[in-house]
Amino acid sequence: MSIFKPKEQGVSPERALWLKNKKRTDALVLITKIGILAVFLILWEVCANTGIIDSFIMSSPSRIWAVIADLYTSGELFVHIGVTTYEAVMGFLWGTVLGTVIAALLWLSPFLCRVLEPYLVVLGSLPKIALGPIFIVWIGAGTKAIIVITITISLIVTIMEVLNGFMSTDEDKIKLVRTFGGNKYHIFTKVVLPSNFRTIISSLKISVSMSWVGVIVGEFLVSRAGLGYLIVYGSQVFQLDLVMANVFILGLLATFMYLFIVWIESILFKNQNE
Amino acid sequence: MSKDIVVCQNIFMKYQSADGETEAIKDISFTVKPKEFVSIIGPSGCGKSTLLSIIAGLIKPTRGKVFINGADISENKVNIGYMPQKDSLLPFRTIRQNVFLGLEIQGKKTKENMEYGDMLLKTYGLGDFMNKYPSQLSGGMRQRAALIRTLVIRPEILLLDEAFSALDYQTRLAVSNDIHSIIKKEGKTAVMVTHDISEAVSMSERIIVLTNRPAEIKSIHEPQFDEEYDVPLTRRNHEAFREHFNKVWRDIDVHI
Ligand SMILES: Nc1ncnc2c1ncn2[C@@H]1O[C@H](COP(=O)(O)OP(=O)(O)OP(=O)(O)O)[C@@H](O)[C@H]1O
Ligand SMILES: [Mg+2]
């Protein structure tokens, strides 16, 4: 609230009390949130330093911090972050684009949709990670294979979600386009697709977190760079500090990416609440 | 016969589906004269929407023919304006973009037609709301925008399928009055489906009452009112209103 705004006038005593209480609870929630993290970190650090826990296996906040600082000064930090982020972004963007295109084709052809349904169910139920080794043999051990694994993980879910959205488009609106003499192309471009931007964005929200799974598994299997690679490498050489540091960075990255999509969603749909 | 704008000849309709056959319409014939406002009323589920969809050319009747301005609609594309139950405005388009939807689909988004649309929006009180989104408008305004969206393609007839039933009662009275006056001012022919008797009596020159499914024509009423009462809201106050209402009411099969 701006300081130029006159103090809320004519606020009833009940409202004033309610506002005061709300402010207090809000503050309490915030303090507790930060408090939990602080207590956790401090306890961890103290236990590690006093030898209550073995810092070689459990690491400690200061050791994690030191690893991150090291990676930063050697210039490696952003290389690894870059590789992993690139793979994740490519994976979920392609997954979404392909998923939407395939959903569109299935919407256009109810025949195709009925024919492919059992195959989609099988592919949807299959743990896609099992396909990882196959892709690596086919495509080669590298970034490409990791991106393909990532795409496979989110693809079927995206197809299902988006197709569902397409199918449940308001019949009245489709009828309207038909009364103007519109064909399937008009129905799709004028009504079905734009009505489902929200569905597509929300399937993006799901596939963004799944794509991290794909990327990390992919990197576990093949890579020579990336956060997943550092995690595996760290565990092999028994450097738990490195493992924990990368898990921490991964958590931050994935959260940022998710929030970024939430932000895009909020600006795209600012004006249109049905 | 060439004077009639709509001619329905012996329409039959049977729906086919996995669980069987539904006979929706059985031998319906009627005509509509230019600038006439005709209501079709009948018990729910009797086949009213089906009849309207057939006139609109959206579904093919099992038997029978529909002519609009003398042209058989199964062979010719006719320009009709259809108003659905909900306004069906697209939430991601502004009011103005919604109004141009039909023009875009028909490839007629010319400068002239766009100006006509803007003119209609201004004339009917939506000038200041052209660039707003549907969610920012009241129910009545949205209905008006939906009507303008159908008028801008200069349709030969307007078809209204329970166009006001999504509105609450008060708004509904005002909006039906409003829409009726726009239709009259623009000199359009309209066929309206409803199950609200007073709505039909207050708006129409002619009322076609349908039987239970399969729909057949049970009776046709022509409510007459004095000149100065010939607006939906004032018709409702006329002493003859009740009498016309009862005549229609008696012909509708109601079961509780
Ligand atoms: N696509 C369809 N396939 C099969 N049966 C249908 C189909 N559409 C409508 N029907 C059936 O045809 C009959 C008439 O339906 P219609 O929608 O025309 O009735 P209505 O008079 O408009 O009803 P309401 O008052 O509910 O709007 C109903 O029994 C309905 O179940
Ligand atoms: Mg109906």
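All of the numbers you see were taken from the coordinates with simple rules; none came from a lab. Source: prediction; values computed, not measured. Here the Cβ is made from the backbone with ideal geometry for all residues, glycine too, and neighbour counts use every protein chain on show.
I need the phi-derived Karplus couplings for region A:183-199: 6.51 cos²θ - 1.76 cosθ + 1.60, θ = phi - 60°, integer Hz, Gly and Pro marked x.
Ordered by residue, 3J(HN,Hα) equals 9, 4, 4, 5, 4, 5, 6, 8, 10, 4, 5, x, 5, 9, 4, 5, 4 Hz.
Kindly give the semi-axes, whole Å and largest first, of the ellipsoid equivalent to region B:1-98, taking each as the square root of 5 times a Cα gyration tensor eigenvalue. Numbers along the way, then the final one.
Values: eigenvalues 115, 86, 37 Å².
Each semi-axis is √(5λ); the values are 24, 21, 14 Å.
Over all residues in A:186-192, what is the mean tally of Cβ atoms on other chains that come within 10 Å of each residue's Cβ?
On the way: counts 4, 1, 0, 2, 5, 4, 0.
Mean inter-chain Cβ contacts per residue within 10 Å come to 2.
When the expected Rg is taken as 2.2 N^0.38 Å, what fraction or multiple of it is the alpha-carbon Rg of region B:159-256? Mind dumping the intermediate values first?
Values: Rg = 13.4 Å, N = 98, 2.2 N^0.38 = 12.6 Å.
Taking N as the residue count of region B:159-256, the ratio is 1.06.
Using only atoms on other chains, find how many Cβ atoms lie within 10 Å of each Cβ of peptide B:96-108 and report the average. Walk me through the numbers before you get to the answer.
Details: counts 0, 0, 0, 0, 0, 8, 6, 1, 5, 13, 4, 1, 1.
Going residue by residue through B:96-108 and averaging, the value is 3.
Indicate, rounded to the nearest 5 percent, the antiparallel portion of the DSSP beta bridges found entirely in chain B. Write down the numbers at each step before the final one.
Working: 20 of 38 bridges.
Rounded to the nearest five, the antiparallel share is 55 percent.
For A:Met58 and A:Leu108, compute 0.36 nm times the residue count separating them, minus their Cα-Cα distance, and round to one decimal in nm. Present the calculation step by step, with values, prior to reporting the outcome.
Working: separation 50, 0.36 × 50 = 18.00 nm, distance 5.49 nm.
Computed gain between A:Met58 and A:Leu108 is 12.5 nm.
Comparing B:Glu156, B:Glu243, B:Glu36, which has the greatest mean-square fluctuation in the GNM of chain B with Cα pairs linked when under 10 Å apart?
Comparing B:Glu156, B:Glu243, B:Glu36 in a Gaussian network model of chain B, the most mobile one is B:Glu243.
Estimate the FRET efficiency between B:Phe12 and A:Ala27 by the formula 1/(1 + (r/R0)^6), using the beta-carbon distance for r and 60 Å for R0, to the nearest 0.05. Each step should come with its number before you reach the end.
Working: r = 73 Å, r/R0 = 1.21.
So, using R0 = 60 Å, E works out to roughly 0.25.
What residue among A:Ala254, A:Ala104, A:Ala130 shows peak mean-square fluctuation when chain A is described by a Gaussian network model with Cα springs under 10 Å?
Largest GNM mean-square fluctuation: A:Ala130.
Between B:Arg242, B:Arg142, B:Arg96, find the one with the highest GNM mean-square fluctuation for chain B; connect C-alpha pairs within less than 10 Å.
Between B:Arg242, B:Arg142, B:Arg96, it is B:Arg242 that shows the largest mean-square fluctuation.
Normalised by the residues of chain B, what does the relative contact order come to in percent, with Cα pairs under 8 Å and at least six apart? Show your work: numbers first, answer last.
Numbers: 477 pairs, mean separation 65.6, N = 256.
Dividing the mean separation by the residue count of chain B yields 26 percent.
Could you list which residues have their amide H under 5 Å from that of B:Lys14, counting only those 5 or more apart in sequence or on another chain, with H placed in the peptide plane?
B:Ala24, B:Thr62
Taking only C-alpha pairs under 8 Å that are 6+ residues apart, what is the relative contact order of chain A in percent?
On the way: 248 pairs, mean separation 63.1, N = 274.
Once divided by the residue count of chain A, the mean separation gives 23 percent.
Cα gyration tensor of chain B, axes a ≥ b ≥ c as square roots of the eigenvalues: rounded (a/c below 1.5), prolate (a/b > b/c) or oblate?
Numbers: a/c = 1.63, a/b = 1.23, b/c = 1.33.
It is oblate, given that a/c is not under 1.5 and a/b is not larger than b/c.
Using the Karplus equation 6.51 cos²θ - 1.76 cosθ + 1.60 (θ = phi - 60°), what ³J(HN,Hα) coupling, rounded to whole Hz, does each residue of region B:228-237 give in order, writing x for Gly and Pro?
6, 9, 7, 10, x, 5, 7, 4, 4, 8
Just need log10 I(q)/I(0) for region B:33-81 at q = 0.12, 0.16, 0.17, 0.28 Å⁻¹, Debye formula, equal scatterers on the alpha-carbon atoms, no solvent, rounded to two decimals.
Results for region B:33-81 at q = 0.12, 0.16, 0.17, 0.28 Å⁻¹ read -0.29, -0.51, -0.58, -1.21.
Rank by packing, highest mean first: peptides A:133-141, B:21-29, A:199-207, with packing defined as the count of other Cβ atoms within 10 Å averaged across residues.
Working: A:133-141: 14.3, B:21-29: 17.2, A:199-207: 19.4.
Sorting A:133-141, B:21-29, A:199-207 by mean packing, highest first, produces A:199-207, B:21-29, A:133-141.
Which shape class, rounded, prolate or oblate, goes with chain A when its Cα gyration tensor gives a ≥ b ≥ c as root eigenvalues, a/c under 1.5 marks rounded, and past that a/b bigger than b/c marks prolate? Each step should come with its number before you reach the end.
Working: a/c = 2.84, a/b = 1.17, b/c = 2.44.
Here chain A falls in the oblate category.
May I ask for log10 I(q)/I(0) of region A:1-91 at q = 0.23 Å⁻¹, from a Debye sum over the Cα atoms as equal point scatterers with solvent left out?
-1.11
Just grab the label-to-label distance for A:Phe256 and A:Asp170, each label 7 Å out from Cα along the Cβ direction, in nm (one decimal).
Simple spin-label model gives 3.9 nm for this pair.
Looking only at other chains, what is the average number of their beta-carbon atoms within 10 angstrom of each beta-carbon in A:169-179? Before the final figure, lay out the partial values.
Numbers: counts 0, 4, 2, 6, 7, 1, 8, 14, 5, 7, 16.
The per-residue average across the peptide is 6.
Which far-off residues, 5 or more places away or on another chain, put their amide H under 5 Å from the one on B:Asp72, with H placed in the peptide plane?
Here nothing satisfies the definition.
List every residue whose amide H lies under 5 Å from the amide H of B:Ala215, counting only residues 5 or more places away in sequence or on a different chain, with H placed 1.01 Å from N in the peptide plane.
Distant-sequence amide H within range of B:Ala215: B:Ile25, B:Lys26.
Please list 3J(HN,Hα) in residue order for region A:109-119, calculated via the Karplus relation 6.51 cos²θ - 1.76 cosθ + 1.60 where θ = phi - 60°; whole Hz, with x for glycine and proline.
10, x, 4, 4, 4, 5, 5, 7, 3, x, 5
Just tell me which lysines come within less than 30 Å, Cα to Cα, of A:Lys144; anything on the same chain fewer than 8 places away is out.
Of all the lysines, those that pass the test against A:Lys144 - Cα under 30 Å, at least 8 places apart if same chain - are A:Lys128, A:Lys205.
If you take the square roots of the eigenvalues of the alpha-carbon gyration tensor of region B:68-183 and sort them as a ≥ b ≥ c, do you get rounded (a/c under 1.5), prolate (a/b over b/c) or oblate? Could you put the intermediate results ahead of the total?
Details: a/c = 1.86, a/b = 1.23, b/c = 1.51.
Because a/c hits 1.5 or more and a/b fails to exceed b/c, region B:68-183 counts as oblate.
Direction-averaged shadow area of the convex hull around the Cα atoms of the protein assembly as shown, nm²? Kindly include the intermediate steps, with their values, before the conclusion.
Numbers: hull surface 152.4 nm².
Over every viewing direction, the Cα hull of the protein assembly as shown projects on average to 38.1 nm².
When DSSP assigns beta bridges and you keep just the ones with both residues in the protein assembly as shown, what percent turn out antiparallel, to the nearest 5? Show your work: numbers first, answer last.
Numbers: 20 of 38 bridges.
Roughly 55 percent of the DSSP beta bridges within the protein assembly as shown come out antiparallel.
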